[in-house]
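The values are calculated or read from the model by the stated rules, or taken from the named source; none is laboratory data. These figures come from a predicted structure and were not determined experimentally. Methodologically, a virtual Cβ is constructed for each residue, glycine included, from the backbone with ideal geometry; neighbour enumeration extends over all protein chains shown.
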Amino acid sequence: MLNLSIDYGRSSVKYAKEGTKGLFSSAIYNDPEEVNKELSVGDVDYIKVRFNGEEYAIGDLALEYDGVINTANYDDIESDRAKIFILTAIGLLGNGGENIKLMTTLSADQYNNKKEEFGKQFEKKNFSIDVYDSESDVYDKKEFYIKEVYVRQQGFYAFMNHLLNRDGSVNISKSNILDENNLVIDIGEYSTDLYATKKDKLERIKNVDIRIPGMRDSIDKIRQKINSKYSCRLENYEVLNSIQEGFIRKGNDKIKIDKIINNEYSSVANIIVENVKDKINFTSIDNVQNILLCGGGARPLKGYISNCLKREVSVIDNPRFANCLGGLKAAKMDEIADE
């Protein structure tokens with residue numbers, strides 16, 4: 001059986017199998033006249049699929065046509081949109097003909113309300129999806145049977161990624177955390193999810209239906225402030241590059257923007273930390289021995305969150321793919337338990 005792990009997020013879909021991982025933006029577009037445009041041969045970042053007779057642009061190609069990620073549609077997890085994202089990721093990972101064990105995630109609010117419905121869409125069912133191969137300029141039919149589906153909230157598999165070895169066994173050097181209180185803060189682009197354990201038991205998070213913001217608002221504000229202060233017209237993808245470099249280019253000049261970045265990152269870190277304190281069931285954040293960050297915002301916000309909490313926090317290895325890679329380890333852990 002082929003183990004696959006898919007982290008279904010508001011901004012992107014991360015996917016992995018042993019030795020391979022990837023992602024695409026959570027964007028889909030299916031205007032037939034647009035999607036049928038020819039693509040440059042070899043442009044493998046552009047994803048097209050056919051499902052139930054309809055042709056769809058996925059990820060960056062969809063954004064090129066539509067320009068936005070409609071995060072509101074994330075909540076409709078029983079829609080064709082959600083199904084196409086999951087099946088596209090499987091199609092990109094598999095050769096076809098496999099029996100699949102699928103490890104996947106939902107945000108905390110969706111997990112509590114719809115985890116069973118989400119899993120039932122896929123478990124014990126046959127699927128077929130055609131994935132466009134840009135090098136040969138043909139569609140490649142992928143047929144597969146999803147035998148088992150395991151749905152977990154975002155943060156759980158990231159915790160498994162931190163705790164387990166690649167073969168699914170517990171990393172002895174980290175086994176002490178099973179006797180401690182732990183909190184995973186999964187900082188995404190559009191939302192932040194929490195996962196907590198009290199020793200080796202799940203600890204309930206309060207008010208999960210009230211979402212904690214992610215990085216998007218702060219990035220938008222950084223872009224707006226730069227554009228206003230320096231009379232620029234930076235787009236979102238351009239401001240991300242500028243944030244990484246710490247400056248913008250205007251003519252032959254490099255203008256530092258670290259003060260703008262620090263102000264906005266400090267602000268969003270403070271909002272996240274205040275939400276964390278409000279939502280956790282521990283008597284105090286001081287009673288949590290291990291605070292682990294993952295998601296795309298983990299590394300940028302690590303220092304700011306540490307300052308807000310006045311304590312050290314850790315970043316899980318490969319933070320953006322932590323849920324995805326942890327899902328593969330959890331699948332191996334199940335196999336060890338069955339031996």
Q: Would you mind stating whether Ile272 is within 30 Å of Asn182 (Cα to Cα) and either of a type in the set (Gly, Ala, Ser) or crowded, with 20+ Cβ neighbours inside 10 Å (or both)?
A: yes
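Based on what the data block shows, is Ile90 modelled with pLDDT under 85, β-branched (Val, Ile, Thr), crowded, with 20+ Cβ neighbours inside 10 Å and out of contact with any helix residue (DSSP H, G or I) (no Cβ under 6 Å at 6 or more places or on another chain)?
Numbers: modelled with pLDDT under 85: no; β-branched (Val, Ile, Thr): yes; crowded, with 20+ Cβ neighbours inside 10 Å: yes; out of contact with any helix residue (DSSP H, G or I) (no Cβ under 6 Å at 6 or more places or on another chain): yes.
No, not satisfied.
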Q | the stretch 44-80 - residue that is under 20 Å from Val131 (Cα atoms) and among the acidic types (Asp, Glu) and, of those, modelled with the lowest pLDDT | A | Asp45
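Select the strands (runs of 3 or more DSSP E) contained entirely in the stretch 178-254, then report the ones holding at least 1 residues which are farther than 28 Å from Leu63 by Cα and in contact with a strand residue (DSSP E or B) (Cβ under 8 Å, 6 or more places away or on another chain). Reasoning before the result, please.
Numbers: elements: 181-187, 192-198, 201-203, 247-250.
So the answer is 181-187, 192-198, 201-203.
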Q) Among Leu293, Leu301, which is the only one that is within 15 Å of Gly214 (Cβ to Cβ), in contact with a Lys or Arg (Cβ under 9 Å, 6 or more places away or on another chain), modelled with pLDDT of 95 or more and surrounded by 21 or more Cβ atoms within 10 Å (Cβ to Cβ)? A) Leu293
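Of the residues Ile210, Ile187, which single one is out of contact with any Ser or Thr (no Cβ under 6 Å at 6 or more places or on another chain), under 24 Å from Ile272 (Cβ atoms) and crowded, with 17+ Cβ neighbours inside 10 Å? Quick ask: steps written out before the conclusion?
Details: Ile210 fails: crowded, with 17+ Cβ neighbours inside 10 Å.
Residue meeting the stated conditions: Ile187.
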Q: List the number of the failed condition for Arg223; all other conditions in (1) crowded, with 16+ Cβ neighbours inside 10 Å; (2) at pLDDT below 90 hold.
A: (2)
(Q) If Gly119 meets every condition in (1) surrounded by 17 or more Cβ atoms within 10 Å (Cβ to Cβ); (2) assigned to a strand (DSSP E or B); (3) not basic (Lys, Arg) apart from one, which number is that one? (A) (2)
Q. Residue check, Ser175 against (1) without any contact (Cβ under 8 Å) to a residue 40 or more places away in the chain; (2) in the same structural domain as Asn52 (by TED's automatic domain parsing), all met but one. Which one?
A. (2)
Q: Only residues that are more than 30 Å from Ile205 (Cβ to Cβ) and of a type in the set (Gly, Ala, Ser): list them for the stretch 231-273, please.
A: Ser231, Ser242, Gly246, Gly251
(Q) Looking at Lys142, Lys115, can you tell me which residue is touching a Gly at 6+ places or on another chain (Cβ under 9 Å), of a type in the set (Lys, Arg), over 22 Å from Arg320 (Cβ atoms) and not assigned by TED's automatic domain parsing to the domain that holds Val288? (A) Lys142
(Q) As an exercise: evaluate Tyr111 against (1) over 20 Å from the mean Cα position of the chain (by Cα); (2) surrounded by 16 or more Cβ atoms within 10 Å (Cβ to Cβ); (3) closer than 30 Å to Leu194 by Cα; (4) not polar (S, T, N, Q) and give the number of the one condition it does not meet. (A) (1)
Q: May I ask you to list pairs of residues, at least six apart or on different chains, whose Cβ atoms are under 6 Å apart, with the first in the stretch 132-145 being of a type in the set (Phe, Trp, Tyr) and the second being assigned to a loop (DSSP other than H, G, I, E, B)?
A: Phe144/Gly94; Phe144/Glu98
